[in-house]
1. Which condition does residue 112 not pass, out of (1) part of a helix (DSSP H, G or I); (2) touching a residue at least 40 places away in the same chain (Cβ under 8 Å); (3) more than 24 Å from residue 188 (Cβ to Cβ); (4) not β-branched (Val, Ile, Thr), if it passes all the others?
2. Out of all the residues in segment 5-13, is one or more within 22 Å of residue 181 (Cβ to Cβ) and modelled with pLDDT under 95?
3. Working carefully through the options 127, 148, find the one that is of a type in the set (A, V, I, L, M, F, W, C), open to solvent by 30 Å² or more (accessible area, probe 1.4 Å), in contact (Cβ under 8 Å) with a residue 40 or more places away in the chain and in contact with a strand residue (DSSP E or B) (Cβ under 8 Å, 6 or more places away or on another chain).
4. Regarding segment 155-166, can at least one residue be identified that is closer than 14 Å to residue 61 by Cβ, open to solvent by 50 Å² or more (accessible area, probe 1.4 Å) and either of a type in the set (Asp, Glu) or modelled with pLDDT of 95 or more (or both)?
Amino acid sequence: MGFNWTSQRLTQVFAQQKTELSEQDTLRGDHDLNPGFFDPTRNKTPAAVVVPLVEREHGFTVLLTKRTDHLHDHAGQVSFPGGRVDPTDRNHCDTALRELEEEVGLPRKHVSIIGELDTYVTRTGFVITPVVGLIKPPFPVEPDSFEVAEVFEVPLDFFLKPGSRQRHFREFEGYRRYYYAFPFNDYFIWGATAGMLVNLCEVLSLNRDNNISDNDVTCNGE
């Protein structure tokens, strides 16, 4: 049974989380499932993404994009709207909202920022700040055809449902590397996006009637 999330409740959750956070931000990343995979000496590229929660009539959804196949970084993957920090950006929130406008064509005036998830470090050297925003329809969507092949939404309750979270692995440089994944219909949501969604689930599952079990984890070679 889904939890009856409201805009007010989600806002309260992230306001409470902000007051409880220590000065040291938790550093999440691909190394969560692969101890020793994190290289602190590697040059890092700062980036930010929006985690857009859309308030639909039958419950909140998560807005995601599928990147075009010809891009240099993460081609064809499902991702949150976002990208590298520009020198002219005022902060990470400004970066995330600018990228949302550029990639999806969704103006920032439709987004109410309620907080952030933990910083996420990728194997490819990006240090990502995930900014959580609430969006209430109607709103325009005009994706940049060069970067975005598709914009779609997934019910928030799907990610919170026991068994939706999986753990997969691939062979990389002679080692088995694990990563989170959320298969949904014809979409395979994995990697950094899935890792940030796991973090979102952790935040929300601590603030609902029933915590989500992490026992339904599968492992395969996809």
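1. Failed condition: (1).
2. So far as segment 5-13 goes, no, none of its residues is within 22 Å of residue 181 (Cβ to Cβ) and modelled with pLDDT under 95.
3. 127
4. Checking segment 155-166: at least one residue is closer than 14 Å to residue 61 by Cβ, open to solvent by 50 Å² or more (accessible area, probe 1.4 Å) and either of a type in the set (Asp, Glu) or modelled with pLDDT of 95 or more (or both).
The values are calculated or read from the model by the stated rules, or taken from the named source; none is laboratory data. Fair warning: this is a prediction, and the values are worked out from it, not measured in the lab. No Cβ is skipped: glycine too gets one built from the backbone with ideal geometry, and neighbour counts run over all protein chains shown. When the accessible area is computed, the model is the full protein with side chains, heavy atoms only, and any ligands, DNA or RNA have been set aside. Shrake-Rupley method; radii C 1.70, N 1.55, O 1.52, S 1.80 Å.
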